[in-house]
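Scroll down for the structure; my scribbles are underneath it.
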Amino acid sequence: MSCIIFCMGAFIFFFQQDEPDMSLLNVINMTDIAIRRLIQWSKQLSVFSNLCTEDQIALLKGSCTEMMIL
């Protein structure tokens, strides 16, 4: 079993995997989970909720791109 841990701001993401090799599909699934968690967390921020929808989308797009680079 292998584990992957990465940190993004206030989040620490922990993924376990039974297979020792990382396939592209596993990386895509982990990225999907991380992005969904980021969106859920952002929605809980009152400051974020006060922004217009276009600004929210722009911020999420930018932060998701940065998260993938990290």
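Below, the figures for the structure above:
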read-out	value
Additional length obtainable on full extension of the chain from Lys61 to Leu24, 0.36 nm per residue less Cα span	11.2 nm
Cα-only radius of gyration and Dmax that characterise segment 28-69, units Å	10.5, 31
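Read-outs: derived from the displayed coordinates by stated rules, not from any lab. Note that the coordinates shown come from a computational prediction; the quantities given were computed from them, not determined experimentally.
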